[in-house]
Structures are given as structure tokens and as C-alpha cells.
Amino acid sequence: MKIGIVGGGQLGRMLALAGIPLGFEFLFLDPSAEAPAGAIAPLRVGAFTDQRELRRLARRCEVLSFDWENVSVAALRAATRGTGTRIAPALRALHTGQDRLAEKRLFERLKIPTTRYASVASRAALWRAAARIGMPGVLKTRRLGYDGKGQRVIRDHAALDAAWRSLGGVPLLYEEYVRFDSEVSGLGVRARDGRLALYPLVRNWHDEGILRLSMAPWQAPALERQAHRHLRTVLREFNYTGLLAIEFFVRGGQLIANEMAPRVHNSGHWSIEGATTSQFENHLRAIAGLPLGSVAPTGHSAMINLIGQIPARAALLELPGLHLHDYGKSPRPGRKLGHCTLIAPSAVERNRRTRALLRVLGLRLAGVP
Ligand code: AMP
């Protein structure tokens with residue numbers, strides 16, 4: 001079966017790495033000839049709205065998926081019309097995942113607790129939102145925000161003005177600043193026949209809006225039950241096929257949904273070595289109409305993103321149980337270039353090794369056990 005993936009970043013690359021052993025073939029579309037997936041499978045270079053290239057993908061592949069959510073829903077719909085090519089996950093889920101306001105409305109409708117928010121379309125609306133929701137708050141672009149881009153924390157009126165000057169002009173969302181106890185994410189996959197598999201809860205640490213560290217399984221049964229309930233609700237709502245991630249804040253033992261991603265997710269990279277079936281393989285199994293694999297953990301995992309530069313390999317590979325993933329991208333400050341995953345036989349041992357790895361990387365993160 002040939003699978004077309006719109007977007008050839010590291011997520012696409014890891015999808016191909018997971019799918020090739022299963023006998024899948026891939027065809028990628030990405031605006032950059034240097035996109036990481038191109039080292040693994042054929043890559044067409046073109047814009048995500050390029051109808052000719054999208055039609056080519058639709059004609060050549062049985063199913064289309066995407067490795068990031070900011071691809072054009074309208075262009076995908078037009079390109080597959082009349083071809084019989086399926087798109088998974090459904091475009092309705094993609095559409096929601098592209099727009100923070102649509103996500104908030106979805107969470108509210110499905111009774112999933114989320115942050116208090118206001119949609120902001122003008123300077124006056126921003127001042128009204130700050131008055132109603134209070135400060136501190138966070139102003140975010142509704143679309144195209146990722147890794148902390150397109151958002152500003154607002155602590156006073158001067159910051160409100162500055163944030164409007166830098167972000168204003170596109171649709172925005174103002175939300176309460178959550179003084180969270182921790183951040184977690186839930187990852188779930190739904191097969192075409194409706195069967196579900198839900199990964200163990202993941203605890204996440206961000207720095208300047210970028211994910212730095214994930215640990216799984218994160219043993220917090222009451223939180224995991226909430227995350228799994230919310231995942232089930234959203235997966236069923238969209239009649240979803242594939243992998244879905246939801247990021248949550250944890251405050252006072254309650255999950256507060258931050259955002260959803262209708263695709264494989266950075267906080268699931270640990271599952272390549274740390275789960276019986278990785279998020280990438282399960283996403284492919286789901287969209288290809290195959291049975292899902294077990295999501296049982298193989299040990300206690302920690303995944304650390306390598307951002308801006310890849311440290312000396314020897315220093316990393318010396319650490320026992322460490323797996324290195326280099327995406328083959330050229331270094332740039334703030335850019336995710338790779339990740340490494342540690343697997344240990346116990347949570348205590350994983351935590352010890354994680355602290356050692358953080359020291360090698362010269363990284364300090366608050367609250368790491
Ligand atoms: P996002 O792009 O919404 O996933 O935000 C990236 C990171 O910024 C989150 O994982 C949090 O660490 C932080 N953040 C985003 N929104 C808020 C908020 N409303 N309150 C506190 N921290 C936030």
C-alpha cells in the first residue's frame with residue numbers, strides 16, 4: 001500500500017521509518033527539498049496548496065495523511081475529489097486542530113475542561129478580554145502557532161499593547177495564564193473499525209514554549225483516567241482514524257485541555273522504543289485499516305529533545321539504554337534537530353539516568369524527579 005504524507009518533517013520521516021518494515025511505500029509532499037523525510041522515501045517539492053502535486057499524491061496513493069496540522073483543508077479536499085483516495089484522520093479533525101478557537105469550542109461542547117478564553121479580532125476586543133479574563137494571560141495567534149511561536153504572556157497593560165503590536169492583524173485568542181502543577185499529554189489511536197488503544201499518560205516539561213522532556217509511563221492513575229476519558233470522547237466525536245494527541249495542564253488534580261494535535265506528536269516519540277507498538281506504527285496501522293498493536297510500555301522512558309544543536313554523539317551513546325534519533329536537519333537556534341530516549345527497568349532508574357543526561361546536555365528543568 002502506498003501512503004501519501006503531506007509534510008515531510010521529522011514526524012513524516014519517523015512514520016516512514018516505522019512503515020517501511022511493514023511493507024508500506026510512501027510519497028511525501030513538502031515545500032522544502034531538504035525536508036527530513038526525503039532521506040527515507042520519495043519526496044515531491046511543492047507548496048501544501050499546490051493542486052497539481054496534491055492531485056499527484058491522491059492519484060498515486062490509497063490513503064493520504066499529514067505530519068503537521070497547518071496544511072490546507074480546502075486544497076486537500078479539492079485534490080482528492082473523485083479519486084477515491086481516503087484522507088485520515090478526517091478533515092473535520094484537521095480543521096479543528098488548525099484553529100485554537102475551534103479547539104476551545106470543541107472542548108467546551110464535549111465538556112472537557114479547558115482554559116477560560118476570548119476570541120480577539122481587534123485592539124478593543126483584546127482590552128475587553130484582558131479585563132474579563134484577567135492578567136496574567138496569554139495572547140496566541142489562532143493559527144500557525146507551534147513551539148511557543150505566535151504567543152505572548154501578558155502581565156500588564158504595557159505588555160498588552162506590545163503584544164497587540166507584534167501579533168495583531170491576524171485572528172487571536174486571549175486565555176488565562178494557568179499556574180499549573182505540571183503538564184501531561186494523552187495519546188490515543190483509533191482503528192478504522194472503531195477499536196481504540198490509549199497510551200500510558202505522558203508527563204511533559206516545556207522550556208520557552210518548546211517541549212524539552214517527556215516521561216512515560218507517568219504513574220498518576222487518576223490523571224490517566226481523565227486523559228483517557230477525554231481522548232475517547234474526541235476520538236469518537238470525529239469518527240477518527242489514526243493517532244490523536246491532547247496536551248493538558250494539571251491543576252489541583254484536574255486536567256485542563258490546552259490543545260489537540262490530529263497527528264503523531266512529539267510527546268509520543270518515547271514510544272518508538274518505549275512501547276510495544278510506537279505511535280508512528282499504530283498511526284499507519286490505523287489509516288491502512290489494519291489491527292492496532294499493543295501500546296503496553298516496554299520499560300520506563302524519558303525522551304529529551306535536542307534543540308539548536310546535536311551534542312557529541314559519543315557523550316550521549318555512552319549512557320546505558322540511550323537511543324539517539326538525528327533528523328538530519330541543519331542546525332539553527334530553537335530548531336528541533338533530534339531527540340534521544342532512555343529506557344530503564346524502573347521509574348527510579350529512569351529518573352536517575354534522565355538527571356545524568358540533563359547534566360550532559362547542560363539543561364536545567366524545574367520539577368524533574
Ligand atoms: P501551546 O503552543 O499552546 O502548546 O503552548 C506551549 C507551552 O506554553 C505550553 O505547553 C505551556 O508550557 C505554555 N503555555 C501555553 N499556554 C499557556 C497558558 N494559558 N498558561 C500557562 N502556560 C501556557
**Highest to lowest packing among 65-77, 272-284, scored as the average C-beta count within 10 Å** = 272-284, 65-77
**Message:** Given Cα positions, please report Rg to Rh for segment 156-283, the hydrodynamic radius being the Kirkwood one.
**Reply:** 1.03
**Prompt:** Toward the positive end of the charge dipole of segment 96-240, about the Cα centre and with charges on Cβ (Lys, Arg +1; Asp, Glu -1), which of Gly168, Ala216, Ala125 goes farthest?
**Reply:** Ala125
**Asked** What's the percent breakdown of Cα-Cα distances in the chain across 10 Å bins, shortest bin first?
**Response** 5, 24, 33, 27, 10, 1
**Request:** Can you tell me the FRET efficiency between Ala366 and Arg116 if r is taken as the Cβ-Cβ distance and R0 is 22 Å, rounded to the nearest 0.05?
**Result:** 0.30
**Request:** Go through segment 307-369 and name the trypsin sites (Lys or Arg not before Pro) that are in a DSSP coil and have 16 or fewer other Cβ atoms within 10 Å of their Cβ.
**Result:** Arg335, Arg364
**Fill in**
Shape call for segment 1-56, from the Cα gyration tensor axes a ≥ b ≥ c (a/c under 1.5 means rounded, otherwise prolate when a/b beats b/c, else oblate), comes out oblate
**Complete:** Of Ala227, Ala159, Ala245, the most mobile residue in a GNM of the chain (C-alpha springs, cutoff 10 Å) is Ala159
**Complete:** For segment 141-193, the Cα gyration tensor yields equivalent-ellipsoid semi-axes (√(5λ), largest first, whole Å) of 30, 17, 8
**Message:** Can you work out the Karplus-derived ³J(HN,Hα) for every residue in segment 154-161? Use 6.51 cos²θ - 1.76 cosθ + 1.60 with θ = phi - 60°, whole Hz, and x for glycine or proline.
**Reply:** 10, 10, 8, 5, 5, 5, 5, 5
**Request:** For the chain, with a Gaussian network of springs between Cα atoms less than 10 Å apart, report the residue from Val189, Val170, Val63 with the top mean-square fluctuation.
**Result:** Val170
**Request:** Could you tell me which of rounded, prolate or oblate describes segment 270-323, using a ≥ b ≥ c as the square roots of the eigenvalues of the alpha-carbon gyration tensor, with rounded for a/c under 1.5 and, failing that, prolate when a/b is larger than b/c and oblate otherwise?
**Result:** prolate
**Request:** Collect residues whose amide H, placed 1.01 Å from N in the peptide plane, falls under 5 Å from the amide H of Asp207; neighbours closer than 5 in sequence don't count.
**Result:** Arg212
**Item:** Charge-dipole axis of segment 1-140 as Lys and Arg at +1 and Asp and Glu at -1 on Cβ define it, positive-most pick from Ile5, Ala33, Thr85
**Value:** Thr85
**Asked** Quick one: Karplus J couplings for segment 86-103, per residue in order, coefficients 6.51, -1.76, 1.60, θ = phi - 60°, nearest Hz, x for Gly and Pro?
**Response** 7, 10, 9, x, 4, 4, 4, 6, 4, 4, 5, x, 8, 10, 4, 5, 4, 5
**Request:** Could you check which residue among Ala356, Ala191, Ala344 shows the biggest mean-square fluctuation in a GNM of the chain with a 10 Å Cα cutoff?
**Result:** Ala356
**Asked** Amide H to amide H, which residues 5 or more places from Glu62 or on other chains are under 5 Å from it, using H placed in the peptide plane?
**Response** Lys2, Gly4
**Prompt:** Amide H to amide H, which residues 5 or more places from Ile307 or on other chains are under 5 Å from it, using H placed in the peptide plane?
**Reply:** Leu337
**Asked** Cα centroids of segment 163-227 and segment 35-91: how far apart, whole angstrom?
**Response** 26
**Asked** Could you give me the ³J(HN,Hα) list for segment 276-284, computed from phi with Karplus coefficients 6.51, -1.76, 1.60 and θ = phi - 60°, whole Hz, x at Gly and Pro?
**Response** 4, 10, 6, 4, 5, 5, 5, 4, 5
**Prompt:** What's the tally of Lys pairs in the chain whose alpha-carbon atoms lie under 22 angstrom apart, where the two lysines are 8 or more places apart or on different chains?
**Reply:** 6
**Request:** As a check on your grasp of the helix formula, calculate [θ] at 222 nm for the chain: sum -39500 (n - 2.57) over DSSP H runs of n ≥ 4, divide by the residue count, round to the nearest 500.
**Result:** -9000 deg cm²/dmol
**Request:** Name the shape class, rounded, prolate or oblate, that the alpha-carbon gyration tensor gives for segment 244-369, where a ≥ b ≥ c are the square roots of its eigenvalues, rounded holds for a/c under 1.5, and otherwise prolate holds if a/b is larger than b/c and oblate otherwise.
**Result:** rounded
**Prompt:** Which stretch or stretches of segment 183-206 have amide N atoms under 15 Å from the point lying 7 Å from Leu22's Cα along the Cα→Cβ direction?
**Reply:** 188-198
**Request:** Hey, could you get me the Stokes-Einstein D for segment 80-226, Kirkwood radius over alpha-carbon pairs, 25 °C and 0.890 mPa s, rounded to whole µm² s⁻¹?
**Result:** 140
**Message:** What number comes out for accessible area per residue over the chain if the probe is 1.4 Å? Units Å², please.
**Reply:** 42
**Item:** Gain in span if fully extended, Thr298 to Arg77, counting 0.36 nm per residue against the direct Cα distance
**Value:** 75.7 nm
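The values are calculated or read from the model by the stated rules, or taken from the named source; none is laboratory data. Because the structure is a prediction, the values reported are computed rather than measured. FYI the Cβ positions are ideal-geometry reconstructions off the backbone, even for glycines, and counts take in every protein chain you see. Surface accessibility is based on the protein's heavy atoms, side chains included, excluding ligands, DNA and RNA. Shrake-Rupley method; radii C 1.70, N 1.55, O 1.52, S 1.80 Å.
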